[in-house]
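In what follows, a structure is listed as structure tokens, so that the remarks can point back to it.
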Amino acid sequence: MVNDFGLSQERRYAIGVALLGLILAMAVFLYLYDAAQSRLQFPCVFHELTGLYCPGCGSGRATHALLHGDILTALRYNVFAVVGLPLILYSVTADAASAFGTRWPRFRVSTWTSRAIVVGVAAFTLLRNIPSEPFTCLAP
């Protein structure tokens, strides 16, 4: 049987399994790998080139802290990632679940909401790069 996207059920099932496997593999890696304590670092290219923090700087460390139940440390590393991560995970998991025939409610993002997110990311990026209090608490 072929669905609206032109993919057979077997193909959709394989994509769903691959997505869920990728999520699980990333969670295990981030649970075991502590960037804050490791000598093996994955530098942010944007930070290396400009010396500024991008909106994603600290999100790996924040995810590690979340997976260990340390919400306050996660918020210190990247508050934006802590707020956005559940929404991203839900969206990816809903896509993967649809491959198994399960329908999850979808997010309806209006044009206004999309613009607000872009402005929020830009404001967060600008504010976390101001080198004075109280903005230094936003830096990872």
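The values are calculated or read from the model by the stated rules, or taken from the named source; none is laboratory data. From a predicted model like this one, the values you see are computed outputs, not experimental measurements. Don't worry about glycine lacking a Cβ; one is built from the backbone with ideal geometry, like all the others, and counts go over all protein chains shown. The area values use the complete protein model at the heavy-atom level, side chains included, leaving out ligands, DNA and RNA. Shrake-Rupley method; radii C 1.70, N 1.55, O 1.52, S 1.80 Å.
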Chymotrypsin sites (Phe, Trp or Tyr not before Pro) within the stretch 68-140: DSSP coil, no more than 13 neighbouring Cβ in 10 Å | F100, F107
Please identify every one of the trypsin sites (Lys or Arg not before Pro) in the stretch 55-140 that sits in a loop by DSSP and has no more than 14 other beta carbons within 10 Å of its own beta carbon.
-> R103, R106, R108
Tell me, what ³J(HN,Hα) does each residue in the stretch 56-72 have, in order and in whole Hz, if you take phi through Karplus 6.51 cos²θ - 1.76 cosθ + 1.60 with θ = phi - 60° and put x for Gly and Pro?
-> x, 4, x, 6, x, 5, 5, 5, 4, 5, 4, 5, 9, x, 9, 5, 5
With all distinct Cα pairs included, what does the Kirkwood hydrodynamic radius of the stretch 92-140 come out to in Å, to one decimal, could you say?
-> 13.6 Å
Per-residue ellipticity at 222 nm attributable to helices in the chain (runs of n ≥ 4 DSSP H, -39500 (n - 2.57) apiece, nearest 500 deg cm²/dmol) works out to -19500 deg cm²/dmol
Using the C-alpha gyration tensor of the chain, what are the square roots of 5 times its eigenvalues, in whole angstrom, with the largest one first?
-> 33, 20, 13
Would you mind telling me the share, in percent, of accessible area of the stretch 21-115 contributed by carbon and sulfur at probe 1.4 angstrom?
-> 67 percent
For the chain, averaging the sequence separation of alpha carbon pairs under 8 Å that lie six or more residues apart and dividing by its residue count, the contact order in percent is 26 percent
Whole number in Å², please: accessible area per residue of the chain, 1.4 Å probe, ligands, DNA and RNA not counted.
-> 70 Å²
